[in-house]
């Protein structure tokens, strides 16, 4: 297996992992590629060639990932080409958004219980969701802060 084959195999593993949470496979491949490629900024054409995606599906997935906060883009003076790269601390930013979403869903489940009352099957289903999200909020609340820009062993990224 060549180095390029090993890299593409790893990119596919990233994509399949993220697909479990509903991330489209092409978006997952883009993230995997931009996490490991050299140079870190790549044009849509370079990304397309690397991961084997059509330009049309790549464009919509680049837009999706940019909107989610994973990617940034820029142009270079005198060029019309757009270059994409992982956003600074992308994973931290996206995870913080997800944690904020947990808190927002707790508010929604509380409103649901106010609406349907505390008794009955409907209340039980809402309470189960509320309990699960309340548990996640507590876990994240007690977790140590992730220092942006640092890897597992404290290396600056």
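Read-outs: derived from the displayed coordinates by stated rules, not from any lab. These numbers come from a predicted model, not from an experiment. Here the Cβ positions follow ideal geometry from the backbone for every residue, glycine too, while neighbour counts run over all protein chains shown.
Taking the 0 to 90 degree range and rounding to the nearest ten, how far is the long axis of helix 25-36 tilted relative to the main principal axis of the chain, both from C-alpha atoms? So the helix axis and the longest Cα principal axis differ by about 60 degrees. Listing 92, 59, 75 from fewest to most neighbouring C-beta atoms within 10 Å gives 75, 59, 92.
Computing Rg and the Kirkwood Rh from the Cα coordinates of region 58-157 gives a ratio, Rg/Rh, of 1.18. Residue order for 124, 72, fewest other beta carbons within 10 angstrom first, comes to 124, 72. Taking max minus min of the alpha-carbon positions on each principal axis, region 3-86 gives extents of 39, 30, 20 Å, largest first. Considering only C-alpha atoms, what is the centroid distance from region 1-43 to region 98-127, in Å? Region 1-43 and region 98-127 have Cα centres separated by 37 Å.
The calculated 222 nm mean residue ellipticity attributable to helices in the chain amounts to -21500 deg cm²/dmol, summing -39500 (n - 2.57) over DSSP H runs of n ≥ 4 and dividing by all residues.
Taking every alpha-carbon pair under 8 Å whose residues sit at least 6 apart, region 26-157 reaches a relative contact order of 18 percent. Could you give log10 I(q)/I(0) at q = 0.15, 0.18, 0.29 Å⁻¹ for region 90-142, computed by the Debye formula over C-alpha point scatterers of equal weight, without solvent? Per q value, in the given order, log10 I(q)/I(0) is -0.45, -0.59, -1.05.
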